Amino acid sequence: MAEREIVAGAIGQWRQAARTRAGTPRGGAGGRARLRLGVGAGLLGVLVLAAIVVPWLWPASEQLFDYTQVRLPPSGEHVFGTDQAGRDLFVRTLAGLRVSLLVAAICAVGAITLGTAVGAVAGFLGGWPDRVLMRLLDTVNAVPHLLLGIVIVALYRGSLTAVIVSIVVTHWTTVARIVRAEVLSLRRRPFVDAAISGGATRGHILRRHILPAVAGQAALSAVLVLPHAVWHETALSFLGLGLPPHLASIGNILSDARSELLLGGWWNVAFPSVLLVLTTLATAGIAATLRDRLVPRRRSELAL
Amino acid sequence: MLSATDLVVGYRRGRPVLDGVDIELHPGATVGLAGPSGCGKSTLAAVLALLLEPWSGSVTLDGRPVRRFRHRVSAAERTSIGVVFQQPRLAVDPRWTLDAVVRAPLVASKRRDDGIVAELTEAVGLTRELLGRRPHEVSDGQLQRACLARALVLRPRYLICDEMTSMVDASTTALLVHLVRSVAAAGTGVLAVSHDDALLDAWADDVVRWR
Amino acid sequence: MTDTRVTTTSAEDAATSAGTRQPASALTVDRLSVRFLLGRKGKAGVVHAATDVSLRLRRGRVLALVGESGCGKSVLTSALLGLLPANAQTRGRALLHGPGDDLDLCTAPERSMSRQVRGRRIGLVPQSAASHLTPVRTARAQLAETVRQLRGTTLRGTTLRGAASRGDVDGLAERAGLSPAALDAYPHELSGGMAQRVGFALALAGEPDVLLADEPTTGLDRVLVDHVTDGLAAAAAEGTAVLLITHDLAAARRVADDAAVMYAGRIVEAGPAGEVFADPWHPYTRGLLGALPDGGFEPIPGHPPELTDVPGGCAFCARVPDPPGPPCNGDPEPVAVGGRLIAGHVPC
Ligand SMILES: [Zn+2]
């Protein structure tokens with residue numbers, strides 16, 4: 001009897017309805033995603049800020065040859081140590097990071113623009129333009145990316161433009177594929193039929209309906225391309241095919257550091273590598289969170 | 001007059017959905033088209049809305065034969081036919097507010113709003129507050145009201161209602177059908193596609209029943 | 001565990017064990033309210049999806065819950081199956097009567113919901129069943145798997161899967177009005193009506209005491225609607241308690257034994273279906289019937305209120321002031337009058 005009264009009393013109180021079910025993301029998962037986004041964005045922010053501010057504060061030291069300070073291990077004065085020419089590695093690495101990030105950002109924007117344009121046109125027009133563009137895409141994909149990059153860079157040796165072009169040319173294809181698939185699925189939706197019937201031209205539909213719908217996916221691809229482009233640039237520079245040697249990029253620094261490693265100069269390799277890995281992880285964290293948000297999943301819609 | 005003669009239409013080669021169909025829509029008259037799902041009613045509606053190219057047969061709009069479909073038909077011709085689709089949720093861009101949805105045909109054809117938007121939104125019972133919302137914030141019935149307003153905003157000479165009421169409740173159905181009947185009375189030719197015989201009997205001037 | 005169950009009175013116990021033929025309650029919803037908190041802790045608003053809803057589902061009877069879309073009726077299925085999202089809160093009880101003891105569906109732990117209730121004691125016939133089927137497997141494979149899962153016995157926490165013979169699966173399909181041959185099709189090869197029947201067969205697979213049908217007829221043509229409602233009536237004839245949630249009054253009129261009309265999250269009128277539909281007391285019920293093509297075809301003016309902002313008192317009179325009929329006393333709480341429930345508009 002007492003039990004019954006307790007339950008009857010409970011009618012007057014609101015209580016949480018949800019139960020923990022397998023496979024449903026709850027507050028904890030959302031919290032983790034927010035943490036991952038926060039850490040990623042914070043880390044990337046600090047790295048970008050350092051890459052801008054540090055070389056700007058000590059503009060000379062990046063290229064300053066000081067033969068009295070050659071091959072010094074990390075110390076209070078040179079936190080990352082110095083290289084075989086006596087250049088401060090802290091300033092030089094951050095300057096290198098700035099160049100690498102800048103190149104990567106330009107490449108990401110270039111690859112996204114090209115990829116979105118090709119994907120949207122192919123998917124929306126269909127027919128022969130689609131077939132031609134997709135064969136072109138297959139051709140680019142058939143060649144290993146680094147090899148294609150090396151060929152382009154070798155033809156225009158040691159120029160910044162050549163590096164950027166080589167990365168853009170090899171990285172637009174993924175974006176184009178994603179955007180084309182998205183556009184193909186959008187193209188036959190009734191809302192496109194409604195727009196046609198309302199007198200909209202194809203350009204109008206592309207601008208007003210299709211491109212805004214794929215913008216999220218394209219932004220995600222841009223973030224995903226960014227670390228890839230950093231590594232690509234580093235690899236080209238490391239092989240001596242990338243940026244001109246006077247531009248301190250992460251790849252150039254690592255390339256120089258190879259011989260130093262044999263002389264025991266571990267700091268020449270360690271700090272630039274750690275910065276490279278941190279940059280990659282930070283971007284990957286942001287990309288993963290963005291992807292989770294874009295993937296259509298059952299939001300707590302009110303089933304009314 | 002909007003008419004189709006001897007239509008053969010399908011989606012897969014060798015399997016026509018419609019084979020030798022004729023239909024005529026006259027200004028001011030409402031033709032009901034009834035039949036079970038899967039019998040090709042919606043396919044015929046899509047052809048008459050100039051959104052689907054038939055394999056053979058002819059479509060004539062006000063005495064002039066229509067030879068091209070979808071984007072390839074002139075904007076003037078396709079905007080003279082309004083369409084309301086079965087599922088309002090799929091028929092609107094989920095990013096747009098209802099107001100943008102209703103105005104879209106005016107924007108696309110670069111015409112000015114001469115008060116028609118206010119007139120139509122009032123007739124379908126959409127308040128200013130509802131017009132400011134996005135599709136996921138309104139019910140199917142409220143969304144279909146916006147879709148009907150959109151279909152009428154360019155004052156089409158013909159209106160194709162493809163299962164317009166199958167997702168909405170009885171009260172909204174009555175409201176939408178009353179509005180369509182009033183535009184029909186003002187001279188618009190209407191094709192009312194539905195599987196609900198009782199509804200078509202109350203709505204259309206003639207009802208064509210398909211097996 | 002103990003606080004989620006309510007001991008039944010000994011009289012009810014005796015009635016169940018004796019297997020009396022009078023229609024016994026299978027599910028009692030007792031002043032159930034569901035609300036959703038929007039934003040962080042409800043700062044962006046509170047959706048009052050259902051308020052003080054009381055319903056009684058009896059074995060062998062179909063209860064139709066009708067109302068316009070957006071009136072909160074569909075939230076009941078989620079609440080009864082324990083599938084409300086994280087921002088939902090409930091109040092009141094929903095007692096699933098079983099042999100021996102009752103289970104409060106609002107507070108039962110997830111473990112009992114998933115192992116004893118969903119599919120086994122409460123079956124769900126969903127809206128647009130096609131989207132509930134896995135596209136890469138045949139209907140037969142999915143039905144057979146469901147049968148194996150649901151008819152297996154639970155022994156010390158591990159489920160021993162039962163066998164699903166071809167005959168079992170074919171029998172289920174036939175009960176749902178589907179020819180066994182159609183089961184070998186993939187979901188995309190099924191028409192909307194056939195997919196709906198597969199959904200119905202899936203709901204019957206666990207031989208539930210209670211069937212919840214949530215807008216099972218939306219988008220189907222009249223012949224298929226009749227098939228679906230006949231299927232529900234047949235299930236009720238076998239002793240299942242059926243809750244048909246629908247905005248299709250024609251379907252509700254065809255099959256319901258009892259009817260409840262919901263407006264703005266509250267039950268405004270309830271009673272035996274014949275009486276409610278033939279002689280509606282509430283102006284909202286009259287409005288719904290009057291909107292049917294054969295009932296006058298007149299729309300109800302205005303819109304149902306937003307569930308974030310439900311007017312106090314009689315919500316319908318806030319939409320249509322002074323409707324014809326007996327005057328409104330403004331009380332949103334339904335009262336019993338002559339075997340029926342009516343809110344506000346009590347007949348003289
Ligand atoms: Zn009232």
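The values are calculated or read from the model by the stated rules, or taken from the named source; none is laboratory data. Values in this document were obtained by computation on a predicted structure and should not be read as measured data. So basically every Cβ, Gly included, is an ideal-geometry build from the backbone, and we count neighbours across all protein chains shown. Side chains are part of the model used for accessible areas, which takes the heavy atoms of the whole protein and leaves out ligands, DNA and RNA. Shrake-Rupley method; radii C 1.70, N 1.55, O 1.52, S 1.80 Å.
Only protein atoms count toward the accessible area here, which uses a 1.4 Å probe; on the stretch B:1-99, the carbon and sulfur part of that area reaches 49 percent.
Solvent-accessible area lost on pairing C with B (1.4 Å probe, both sides summed) amounts to about 1900 Å². Accessible-area rank, largest first, for C:Trp281, A:Trp266: A:Trp266, C:Trp281, with all protein chains present and a 1.4 angstrom probe.
A probe of 1.4 angstrom, applied to the heavy atoms of all protein chains, finds C:Asp184 with accessible area near 80 square angstrom. For the stretch A:175-197, a drop of 40 Å² or more in accessible area on going from the chain alone to the assembled protein chains (1.4 Å probe) is found at A:Pro190, A:Phe191, A:Asp193, A:Ala194, A:Ile196, A:Ser197. The alpha carbons of the protein assembly as shown give a radius of gyration and a Dmax of 33.1, 108 Å, in that order.
What does the structure give for B:80-88 when I average, per residue, the other chain Cβ atoms found within 10 Å of the residue Cβ? Mind showing how you got there, number by number?
Details: counts 1, 1, 3, 6, 2, 5, 2, 2, 3.
Counting other chains' Cβ atoms within 10 Å and averaging over B:80-88 gives 3.
Mean per-residue shielding of peptide B:31-42 is 2, counting Cβ atoms of other chains within 10 Å of each Cβ. Computed on chain C, with alpha-carbon pairs under 8 angstrom and 6+ residues apart, the relative contact order is 20 percent. What the Cα convex hull of chain C gives, in volume per residue, is 159 Å³.
What percent does the relative contact order of the stretch B:99-187 come to when contacts are Cα pairs within less than 8 Å and at least six residues apart?
Details: 59 pairs, mean separation 31.2, N = 89.
35 percent.
Relative contact order of the stretch B:2-209, taken over Cα pairs closer than 8 Å and 6 or more residues apart, is 31 percent.
When only alpha carbons are used to place a centre, the stretch B:49-77 and the stretch A:215-268 end up 58 Å from one another.
Summing Lys and Arg as +1 and Asp and Glu as -1 over all other residues whose Cβ lies under 11 Å from the Cβ of B:Glu119 gives a net charge of -2. Buried area at the A:C interface is about 2700 square angstrom, summed over both chains, from accessible surfaces computed with a 1.4 angstrom probe. Once the Cα atoms are used to define both axes, helix B:170-185 deviates from the longest principal axis of chain B by about 70 degrees.
The angle separating the long axis of helix C:166-175 from the principal Cα axis of greatest extent in chain C is about 20 degrees. Karplus-derived 3J(HN,Hα) values for the stretch A:45-53, using 6.51 cos²θ - 1.76 cosθ + 1.60 with θ = phi - 60°, are x, 4, 4, 5, 4, 4, 5, 7, 6 Hz; glycine and proline are entered as x.
Just to verify a number: FRET efficiency for A:Ala284 and C:Asp294, C-beta to C-beta distance, R0 = 45 Å, to 0.05?
On the way: r = 63 Å, r/R0 = 1.40.
In this case the efficiency is close to 0.10.
Helical runs (DSSP H, four residues minimum) scored at -39500 (n - 2.57) apiece and divided by the length of chain C put the mean residue ellipticity at 222 nm at -7500 deg cm²/dmol.
Taken as Cα centroids, the stretch C:221-266 and the stretch C:113-147 sit 20 Å apart, rounded to the nearest whole angstrom. For A:Met134, the solvent-accessible surface computed with a 1.4 Å probe is close to 10 Å², ligands and nucleic acids excluded. Shape index of chain B: Rg/Rh, with Rg the Cα radius of gyration and Rh the Kirkwood radius from the inverse mean 1/r over Cα pairs, equals 0.95. In whole angstrom, how far apart do the alpha carbon centroids of the stretch C:49-112 and the stretch A:122-181 sit? So the separation of the two Cα centres works out to 56 Å.
Using r as the Cβ-Cβ distance of A:Arg15 and A:Arg36, and R0 as 30 Å, what FRET efficiency do you calculate, to the nearest 0.05?
Numbers: r = 32 Å, r/R0 = 1.05.
For A:Arg15 and A:Arg36, the calculated efficiency is 0.45.
Relative to the longest principal Cα axis of chain B, at what angle does helix B:98-108 sit, 0 to 90 degrees, rounded to 10? Between the helix axis and the principal axis of chain B, the angle is about 60 degrees. Between B:Arg72 and B:Ser56, the distance separating the two model label sites (each 7 Å from Cα on the Cα→Cβ line) works out to 1.8 nm. Near B:Trp55, the amide H atoms lying under 5 Å from its own belong to B:Val8, B:Val9, B:Gly10; only residues 5 or more places off or on other chains count, and H is placed 1.01 Å from N.
In the assembled protein chains, C:Thr240 presents an accessible area of approximately 20 Å² (probe radius 1.4 Å).
Excluding ligands, DNA and RNA, the accessible surface per residue across the protein assembly as shown is 44 Å² with a 1.4 Å probe.
Need one number: buried accessible surface between chains B and A, 1.4 Å probe, both sides summed, DNA, RNA and ligands left out, in Å² to 100. Display every interim value, and only then the final one.
Working: alone 10640 and 17520 Å², together 26300 Å².
Rounded to the nearest hundred, the buried surface is 1900 Å².
Between the amide H of B:Leu33 and those of B:Ala192, B:Val193, B:Ser194, B:Val208, distances stay under 5 Å, these residues lying 5 or more places away or on another chain, with hydrogens modeled in the peptide plane.
For the stretch B:94-211, the Cα gyration tensor yields ellipsoid semi-axes of 25, 17, 12 Å (square root of five times each eigenvalue, largest first, whole Å).
If packing is taken as the average number of other Cβ atoms within 10 Å across a peptide's residues, how do A:145-152, A:104-111, A:199-206 rank, most packed first? Intermediate results must be reported in sequence, preceding the final value.
Numbers: A:145-152: 16.6, A:104-111: 21.2, A:199-206: 18.1.
Result, highest mean Cβ count within 10 Å first: A:104-111, A:199-206, A:145-152.
Taking amide H as placed 1.01 Å from N in the peptide plane, C:Ala259 has its amide H under 5 Å from the amide H of C:Ala64, C:Gly271, C:Ala273, each at least 5 places away in sequence or on another chain.
What average count of beta carbons from other chains do you get within 10 Å of the Cβ of residues in C:294-303?
Counting other chains' Cβ atoms within 10 Å and averaging over C:294-303 gives 6.
Ordered by solvent-accessible area of protein heavy atoms (1.4 Å probe), largest first, the residues A:Leu236, A:Leu37 come out as A:Leu37, A:Leu236.
Peptide packing for B:64-73, B:146-155 was compared via the average number of neighbouring C-beta atoms within 10 Å per residue; ordered from the highest value, the list is B:146-155, B:64-73. Charge tally around C:Glu333: other residues with Cβ under 9 Å, Lys/Arg +1 each, Asp/Glu -1 each, net -1. Taking C:Arg175, A:Arg187 and ordering them by how much accessible surface each has at a 1.4 Å probe, largest first, produces C:Arg175, A:Arg187.
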